[in-house]
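Participant: Handing you a structure now.
The values are calculated or read from the model by the stated rules, or taken from the named source; none is laboratory data. Keep in mind it's a predicted model, so treat the numbers as computed, not measured. Virtual Cβ from ideal backbone geometry, glycine too; neighbours counted across all protein chains shown. For accessibility, only protein heavy atoms count, side chains too; no ligands or nucleic acids. Shrake-Rupley method; radii C 1.70, N 1.55, O 1.52, S 1.80 Å.
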Amino acid sequence: MKKIISTDLAPAAIGPYSQGVAAEPFIFTSGQIPIDPTCGKITAETIEAQSEQVMKNLKAILAEAGVGMDRIVKTTCFLADMADFAAFNAVYSKYFPENPPARSCFQVAALPMGAKVEVECIAVR
């Protein structure tokens with residue numbers, strides 16, 4: 001059985017999807033772009049600031065599901081420009097100081113709303 005996860009502390013979905021879904025014991029998040037949930041827009045301009053917002057959005061969704069970032073077992077990361085890889089990693093690594101999850105990272109042609117980064121994750125209770 002699945003349970004939809006929704007919080008006002010992360011941006012509302014901009015399409016026909018949920019912020020996250022719990023299918024015990026796993027929690028799956030939709031890809032998060034750097035939308036500021038207070039205004040519904042991307043306000044950050046640099047890859048570093050956008051990456052911070054993405055990670056905050058993921059953290060809020062997981063918190064709503066009752067777990068922390070330490071419960072993430074897999075992330076999939078999308079970058080609009082692979083030249084941003086090192087700067088993204090610098091921010092990303094702050095959220096996983098020990099035992100980072102498995103990860104895939106891809107450069108894509110474009111991301112919604114002109115975002116520079118998008119991250120989705122799978123966590124386990």
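Participant: Scan 18, 6, 30 and give me the residue that is out of contact with any Ser or Thr (no Cβ under 6 Å at 6 or more places or on another chain), in contact (Cβ under 8 Å) with a residue 60 or more places away in the chain and among the small types (Gly, Ala, Ser). So that I can check it myself, show each step before the final result.
Facilitator: Values: 18 fails: in contact (Cβ under 8 Å) with a residue 60 or more places away in the chain; 6 fails: in contact (Cβ under 8 Å) with a residue 60 or more places away in the chain.
Going through 18, 6, 30 in turn, just one is out of contact with any Ser or Thr (no Cβ under 6 Å at 6 or more places or on another chain), in contact (Cβ under 8 Å) with a residue 60 or more places away in the chain and among the small types (Gly, Ala, Ser): 30.
Participant: Return the residue satisfying two criteria in turn: it lies in the stretch 75-97 and is aliphatic (A, V, I, L, M) and within 13 Å of the chain's Cα centre (by Cα), and of such residues it is surrounded by the most Cβ atoms within 10 Å (Cβ to Cβ). Write out each step before concluding.
Facilitator: Filtering the stretch 75-97 down to residues aliphatic (A, V, I, L, M) leaves 79-80, 82-83, 86-87, 90-91.
Imposing the further condition that a residue be within 13 Å of the chain's Cα centre (by Cα) reduces the set to 79, 91.
Numbers: 79: 22, 91: 19.
Ranking the qualifying residues of the stretch 75-97, first place goes to 79.
Participant: Then there is this: Since residue 18 meets every condition but one in (1) within 24 Å of residue 104 (Cα to Cα); (2) polar (S, T, N, Q); (3) open to solvent by less than 30 Å² (accessible area, probe 1.4 Å); (4) part of a loop (DSSP other than H, G, I, E, B), which condition does it not meet?
Facilitator: Of everything listed in (1) within 24 Å of residue 104 (Cα to Cα); (2) polar (S, T, N, Q); (3) open to solvent by less than 30 Å² (accessible area, probe 1.4 Å); (4) part of a loop (DSSP other than H, G, I, E, B), residue 18 misses just condition (3).
Residue by residue, here is whether (1) open to solvent by less than 60 Å² (accessible area, probe 1.4 Å); (2) of a type in the set (A, V, I, L, M); (3) on the phi < 0 side of the Ramachandran plot holds:
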| residue | (1), (2), (3) |
| --- | --- |
| 51 | yes, no, yes |
| 73 | no, yes, yes |
| 99 | no, no, no |
| 107 | no, no, yes |
| 110 | no, yes, yes |
| 115 | yes, yes, yes |
| 122 | yes, yes, yes |
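Participant: If you check every pair at least six apart or on different chains, which have Cβ atoms under 6 Å apart with a residue in the stretch 88-106 that is modelled with pLDDT of 95 or more first and a residue that is exposed (fewer than 10 other Cβ atoms within 10 Å of the Cβ) second?
Facilitator: none
Participant: Suppose the filter is without any contact (Cβ under 8 Å) to a residue 12 or more places away in the chain, open to solvent by 10 Å² or more (accessible area, probe 1.4 Å) and of a type in the set (Val, Ile, Thr); does residue 38 pass it?
Facilitator: So residue 38 fits the description; yes.
Participant: Residue 115 versus (1) under 23 Å from residue 21 (Cβ atoms); (2) touching a Leu at 6+ places or on another chain (Cβ under 9 Å): which is the lone unmet condition?
Facilitator: It is condition (2) that residue 115 fails.
Participant: Can you find, within the stretch 62-71, the residue that is surrounded by the fewest Cβ atoms within 10 Å (Cβ to Cβ) among those that are in contact (Cβ under 8 Å) with a residue 40 or more places away in the chain and over 12 Å from the mean Cα position of the chain (by Cα)?
Facilitator: Residue satisfying both the conditions and the ranking: 66.
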